Amino acid sequence: MSPSKTSTLSFDTFYNIVDGKQRSSKEIHHGVNPSTGEELWDVPIGSKQDLEDAVAAGKKAFPAWAATPIEKRKELLQKFTDLFNEHTTEFTELLCKEAGKPKKFAGIEVAGVGGFISFHNTLNLPEEKFEDDEKVVTTRFTPLGVVGAICPWNFPLILAVGKFAPGLLTGNTVILKPSPFTPYTALKLVELAQQVFPPGVLQAVGGNNELGALLTTHPDIAKISFTGSIATGKKVMEASAKTLKRVTLELGGNDASIILPDVDIEKVAPEVVMGAFQNTGQVCVATKRIYIHEKIYKPFLEAMVKFTATLKTGAPDSEAPLGPIQNQMQFDKVKSFFADSKAKGYKFAAGTPDVSASKGFFIQPTIIDNPPNDSRIISEEPFGPIVPTQPWSDLDEVIARANDTNTGLGACVWGKDVAAAEKVALRLEAGSVFVNSWEKPTPQAIFGGHKESGIGGEWGNTGLLSFCNAHVIHVYKS
Ligand code: NAD
């Protein structure tokens with residue numbers, strides 16, 4: 001540990017954080033290191049009482065936090081970032097262990113914590129004024145109360161920060177519930193935050209899925225910010241309806257990448273491959289269907305296959321750019337796409353149909369060449385390193401094919417003629433469309449899905465408003 005550090009933190013004991021204090025539990029669980037299959041440290045499973053206490057503490061802390069000037073809240077968020085930055089090495093190692101991410105990519109996620117907070121600290125809530133002879137009408141945006149932030153396992157740190165940075169900035173108090181598969185970094189993050197924020201402002205109660213469900217029905221939670229699967233998102237919305245909670249749902253996707261015929265094949269094909277296999281395909285906005293113009297279909301696919309062969313999988317401290325699948329449940333799910341593609345006789349252009357057994361949940365990146373439209377691999381989100389390609393010849397037809405899905409999270413268009421590519425982008429039904437890049441969401445813009453990929457969105461100036469009520473004062477002049 002470097003002598004300049006102002007805080008000490010143990011990275012092998014983990015607690016829920018309620019009202020500023022560490023809490024153990026009678027019941028414990030543990031994550032599994034996906035690179036080795038070994039059990040990781042014990043983690044408490046939060047009880048109903050832990051949640052009740054956290055909600056009560058969040059409610060108690062809310063009035064003072066909401067009344068704290070936004071500049072002061074930003075100051076504390078920055079102070080937290082500075083403290084976090086003293087521990088980036090430990091957080092990177094922890095993230096490698098709990099999520100199996102290659103060290104380089106774990107480092108990028110860890111660096112993103114400061115990036116997310118710093119960007120949010122440049123934002124301000126709008127205030128609108130209307131005036132006529134009769135009245136002055138002022139619209140302000142005020143915090144909601146206690147926010148329940150329910151997170152998935154694929155980006156345990158950045159998706160936690162993506163919720164609590166805008167949540168706290170806007171004056172809400174936040175209770176974080178990490179995924180049971182990846183509880184460690186998020187719990188430690190919130191433990192560290194107690195050195196900066198007043199008790200009850202940022203808390204963490206980790207546990208199982210039932211705990212998530214309890215958050216969605218609690219009458220004193222004003223909003224659920226949920227990131228996860230479409231199936232769970234629907235349950236969250238249904239449960240939240242009973243108390244008319246605000247909900248933001250960031251759900252799954254089945255992103256299409258359209259490759260126009262004028263692309264530089266050698267340059268673009270590896271980028272498209274990275275869009276599909278980044279984080280071993282475990283990205284909500286990974287490319288999940290690739291549509292290549294028929295004129296270049298063969299050479300483009302060949303270039304993709306060539307690059308894919310260079311993408312090794314391995315443990316975090318190897319040089320491999322791809323890690324394992326994060327957990328057994330997801331590993332089995334991804335394998336079922338391999339089994340289905342094999343059983344239906346689809347062509348494996350890269351990778352092999354049989355996922356061989358190993359201690360970790362490793363799967364080689366795989367490309368399926370031109371499966372039919374109604375195949376599972378086209379119509380469902382595998383959330384792993386397997387992607388289909390199909391040729392196209394008519395632009396209207398391929399846009400219709402790309403849009404022919406119940407999801408609409410992200411999409412990509414690749415073309416030398418940028419204006420033409422942007423025209424295609426405008427016709428794609430997705431929350432975030434990338435032109436000449438694979439999907440790289442940033443905090444600078446709202447991130448959310450169309451159709452069943454979600455409701456509302458977070459990040460960017462527009463995203464701040466999802467943590468607020470509109471509050472309008474009408475002042476009459478006489
Ligand atoms: P999941 O839906 O299984 O779990 C997400 C979280 O919800 C976990 O913390 C879980 O414990 C909790 N949960 C489970 N049941 C609940 C219930 N009934 N009520 C409340 N909470 C409950 O999702 P996952 O497997 O962790 O994540 C993978 C999915 O998330 C993929 O579909 C992926 O596309 C999606 N995802 C979306 C985004 C996005 O921003 N749109 C980002 C990452 C992942």
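The values are calculated or read from the model by the stated rules, or taken from the named source; none is laboratory data. Just so you know, these numbers come straight off a predicted model, no measurement behind them. Note that we place each Cβ from the backbone using ideal geometry, even for glycine, and neighbour counts take in every protein chain shown.
When the stretch 212-229 is filtered for residues that are polar (S, T, N, Q), within 8 Å of the ligand (Cβ to nearest atom) and either farther than 13 Å from V55 by Cα or not assigned by TED's automatic domain parsing to the domain that holds F62 (or both), the ones remaining, listed by number, are T227, S229. Here G148 meets each of (1) near the ligand (Cβ under 8 Å from one of its atoms); (2) touching a helix residue (DSSP H, G or I) at 6+ places or on another chain (Cβ under 9 Å) with one exception, condition (1).
The set of residues from the stretch 18-37 being within 30 Å of S358 (Cα to Cα) and under 25 Å from the mean Cα position of the chain (by Cα) comprises H29, H30, G31, V32, N33, P34, S35, T36, G37. Of the residues examined, G162 is one that is of a type outside the set (S, T, Y), under 18 Å from C468 (Cβ atoms) and crowded, with 24+ Cβ neighbours inside 10 Å.
Among the residues of the stretch 311-321, are any touching a Ser or Thr at 6+ places or on another chain (Cβ under 9 Å), surrounded by 22 or more Cβ atoms within 10 Å (Cβ to Cβ), part of a helix (DSSP H, G or I) and not acidic (D, E)? No, there is no match, as no residue in the stretch 311-321 is touching a Ser or Thr at 6+ places or on another chain (Cβ under 9 Å), surrounded by 22 or more Cβ atoms within 10 Å (Cβ to Cβ), part of a helix (DSSP H, G or I) and not acidic (D, E). Condition (residue is modelled with pLDDT of 95 or more, more than 28 Å from P102 (Cβ to Cβ) and within 21 Å of the chain's Cα centre (by Cα)) applied to the stretch 265-274: is it met by at least one residue? Looking for residues that are modelled with pLDDT of 95 or more, more than 28 Å from P102 (Cβ to Cβ) and within 21 Å of the chain's Cα centre (by Cα), one finds none in the stretch 265-274, hence no. Within the stretch 124-135, residues that are on the phi < 0 side of the Ramachandran plot sit with their Cβ atoms under 8 Å from residues that are exposed (fewer than 12 other Cβ atoms within 10 Å of the Cβ) and hydrophobic (A, V, I, L, M, F, W, C), at 6+ positions apart or across chains, in these pairs: K135/V475. Residues being in contact (Cβ under 8 Å) with a residue 24 or more places away in the chain, more than 16 Å from the ligand (Cβ to nearest atom), out of contact with any Ser or Thr (no Cβ under 9 Å at 6 or more places or on another chain) and of a type in the set (D, E, K, R) are entirely absent from the stretch 275-294. Restricting attention to the stretch 201-211 and to residues that are surrounded by 24 or more Cβ atoms within 10 Å (Cβ to Cβ) and either farther than 21 Å from T170 by Cα or near the ligand (Cβ under 8 Å from one of its atoms) (or both), the residue that is modelled with the lowest pLDDT turns out to be G207.
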